[in-house]
Amino acid sequence: MGEHTRNPRLLPDSSFGRTIGTSSPPGQTKFNAWITCPFPKPTAQVRLFCLPFAGGAASIYRTWGPALPQMVEVCPIQLPGRENRLSEPLYTNVGVLAERLAHEILAYAEKPFALFGHSMGALLAFELTRALRRHDGPLPRALFLSAHRAAHLPLRRQPLSGLPDGEFIRAVRRLGGTPDGVFEHPELRKLALPVLRADFTMCDRYSFVPESPLNCPLILYAGRQDIEVLPQEVEVWREHTTGVARLHLFPGDHFFLRSDRDVLLRSIASVLA
């Protein structure tokens, strides 16, 4: 695969957020295809940009806006090739995608912001922050890195992206992020596989390049029952900041952002307050 790969279709989520590209009410920011905002809060003091796990889309975070305080405006990032961006090329290179995301984020950095990423999204959030620094852009008030080993640690599992379909699907199902119905329905499976393969290609081929530590706080999240990413692998993210790094453990497995959602959101709200 190159930097991009084509994804002819992926089922849209018609219930997701506001209409992209329409005019905004007076005093309200106009968001775009990359930066979405299901529940705009024009008076919010901070924006929370959220990046998805492998195979995920912006709709993962659509319920977060109403659940977080009025001071926090939740802006899920919609990556190409999913939901309302069905026909756009998929990215397969973390560095290339991080550079593009930095360009998009800079257009919305007129107020303080934070970044949240879960699993693959955490890796993207980290590289996005480093890309912002290279462009002399503002850094996040807080960088939330959830359920991903520190970037400099080697991949513990076997690379998945090159496996035959059957083996690949079994491996992804074991991780638990994609509903079983997606793989049991032939049409849904056909639509989902290109996105999953592209995302796992990004993760499998990622190569850490040393840079100086960041100077923004790192809020680290891990699941006690996560067998994919161990808490101690998350904790060593602290080596990548000169600031504060705090580890929070949740009872759940790799997808504790679903099983422990309310506790997670309370933690995020407390940090941003």
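Brief remarks follow.
- The portion of the accessible surface of region 163-232 made up by carbon and sulfur, rounded to a whole percent, is 54 (1.4 Å probe; DNA, RNA and ligands excluded).
- Region 189-260: Rg to Rh, with Rh as the Kirkwood radius over Cα pairs: 1.06
- Taking GluC sites (Glu not before Pro) across region 60-117, the ones in a DSSP loop with at most 15 further Cβ atoms lying within 10 angstrom of their Cβ are Glu110.
- Under the simplified labelling scheme, the Arg246-Arg173 pair shows an inter-label distance of 4.0 nm, with each label point 7 Å from Cα along Cα→Cβ.
- The mean accessible area for residues of the chain, using a 1.4 Å probe and ignoring ligands and nucleic acids, is 43 Å² per residue.
- Portion, in percent, of the accessible area of region 96-152 that falls on carbon or sulfur, probe 1.4 Å: 52
- Distance cut-off 25 Å, percentage of C-alpha pairs in the chain lying past it: 42
- Three-way shape call for region 153-197 based on the alpha-carbon gyration tensor, with the a/c threshold at 1.5: prolate
- Sum of -39500 (n - 2.57) over DSSP H runs of 4+, divided by residues of the chain (222 nm, nearest 500): -9500 deg cm²/dmol
- Each residue of region 236-243 is assigned a 3J(HN,Hα), and the resulting list reads 6, 4, 4, 5, 9, 9, 8, x Hz, derived from the Karplus form 6.51 cos²θ - 1.76 cosθ + 1.60 (θ = phi - 60°), x at Gly and Pro.
The values are calculated or read from the model by the stated rules, or taken from the named source; none is laboratory data. These numbers were taken from a predicted model, which means no experiment stands behind them. In this analysis, Cβ positions are derived from the backbone assuming ideal geometry, glycine residues included, and neighbour counts consider all displayed protein chains. Accessible surface is based on the protein model in full, side chains and every heavy atom, while ligands, DNA and RNA are left aside. Shrake-Rupley method; radii C 1.70, N 1.55, O 1.52, S 1.80 Å.
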